[in-house]
Amino acid sequence: MKKKEAENVQENDAKAKKKSELDTSPRGAEIRARAAKPMKVADDPRFSQAVQNYEAGLKAMQAHKYDKAKACFEKVVGGLSPELADRAAVHLNTCKQQLNRDSTNFKTPEEKYDYAVSLMNLGDYVSAREVFGDLTQKHPKLDFVWYGSAALNCLMGHFPDAIAGLHEAIRLNPANRFQARNDSDFKSLADDPRFTELLYPDTSAEVPPDSTKWHF
């Protein structure tokens, strides 16, 4: 065998030995595992960037910077994580509504009430409370605006305001008492004696009319 051929044989043997050592080493096992196992979404750098944009959008929305928040959420929608994209889409819709709110003309208090309820359903309680506050100030004789405001305050943990609002709603329309009894929005007040007294007033102390005075 020629010298050059012998060197090639030795070189090939060395490469084969090195490959065999790599295949059987822990490092080799790790490399094979990575190759066989697909990358998780959470491990993808694009997902990390989407999370950062989502958190930045939330922070901007809490600061009422809806233009900035809208831009952040638009980057997240359609991303790798369907769950994160869905959440971003909800907040994106809220931002769009907020940006259009100043140019929105409500023909009736009912339309504005429906808008406030839509904000509640989207989870934008702060903005919804602002709308309800405007409704109760401008239309204090409408029982349903007080009822909606009371329900929202209860969801936000503003229980004294919830009790006061519900009291006014019932004063304007006693039927609201029966509606509130089965309304899950008030479940946080279920054990509050003020709430119980408001919905189930004690009438036993009332003096019954003297029927004898009608006898002739």
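Rounded to the nearest 0.05, what FRET efficiency is calculated for residue 52 and residue 117 with R0 set to 45 Å and r the Cβ-Cβ distance?
In this case the efficiency is close to 0.90.
Mind checking Rg over Rh on segment 109-199, alpha carbons, Kirkwood formula for Rh?
0.94
Where a number appears in this text, it was derived from the coordinates with a stated rule and is not lab data. None of these values were measured; they are calculated from a predicted model. Cβ sites come from the backbone with ideal geometry, for glycine too, and all protein chains shown count toward neighbours.
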